[in-house]
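Contents: one structure, followed by commentary.
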Amino acid sequence: MSVAIVKYNAGNICSVVNALHRLGVEPVLTDDPQSLRLASHVIFPGQGEACSAMAYLRQRGLDEVIKNLTQPVLGICVGQQLLCRHSEEGDVECLGIFRTDVRRFPTKPGFKVPAMGWNRIVPQQTAESRGLFEGLGTDPYVYFVHSYYCPLCEDTAAVADYIHPFSAALQRDNFFATQFHPEKSGTPGETILRNFLNL
């Protein structure tokens, strides 16, 4: 197994590396197109701002590389959002893998934005996405930090609710993504990462 983590101008990559180390995996952090193409699994993590992240990817040709990967790919947080069509954060066109647009949470009394903390997810038991959530048990709680969200759509693989229901995870073909941080989500997150590596 060879696991590549996409290197771009986004934070939170070290925590993903550490989570993989706990699973006995030594990933490669790279922005080299050939290294990404040859990896058995690719992880596209990050915290940051969508517009500047997309600019970085386009400058290095990584946008086309990522869109054309055929092995299992896992987007995390901003990585999930960049795999969508468009983001309200910076009004930027994204990679277009998932057929939905990223929106900012509306203002609502009693709710803080960014949404930060533990929240329950409800996996959607489709044949395609079941493998990612295998063995989670009932009512798994995972850790979120985000001001933007992906609405429910045909690619929704798990649902969470904050202000209103949204896509906690997405899946299409070989692309998987989570709005939450599996690397910060204790046992459920470790299970999800292990399941991804077994795809």
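Key figures for this structure:
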{"read-out": "Qualifying positions in region 1-38 - open to solvent by 30 Å² or more (accessible area, probe 1.4 Å), of a type in the set (A, V, I, L, M, F, W, C) and at pLDDT below 90", "value": "CYS14"}
{"read-out": "Top-ranked residue in region 123-143 [being modelled with pLDDT under 90 and outside any loop (DSSP other than H, G, I, E, B); ranked as most open to solvent (accessible area, probe 1.4 Å)]", "value": "ARG130"}
{"read-out": "Only one of ARG120, ARG99, ARG194 that is surrounded by fewer than 22 Cβ atoms within 10 Å (Cβ to Cβ), of a type outside the set (Val, Ile, Thr) and in contact with a Gly (Cβ under 9 Å, 6 or more places away or on another chain)", "value": "ARG194"}
{"read-out": "Those residues of region 16-43 which are of a type in the set (A, V, I, L, M, F, W, C) and either at positive phi or in contact (Cβ under 8 Å) with a residue 40 or more places away in the chain (or both), in sequence order", "value": "VAL16, ALA19, LEU20, LEU23, VAL25, ILE43"}
{"read-out": "Qualifying residue in region 158-172 (condition: surrounded by 18 or more Cβ atoms within 10 Å (Cβ to Cβ) and touching a His at 6+ places or on another chain (Cβ under 7 Å))", "value": "no"}
{"read-out": "Test: residue in region 179-186 that is farther than 27 Å from PRO106 by Cβ and part of a helix (DSSP H, G or I)", "value": "yes"}
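The values are calculated or read from the model by the stated rules, or taken from the named source; none is laboratory data. Note that the structure is predicted; figures quoted are calculated from it, not measured. So basically every Cβ, Gly included, is an ideal-geometry build from the backbone, and we count neighbours across all protein chains shown. In case anyone asks, the SASA skips ligands and DNA or RNA and just uses the protein heavy atoms, side chains included. Shrake-Rupley method; radii C 1.70, N 1.55, O 1.52, S 1.80 Å.
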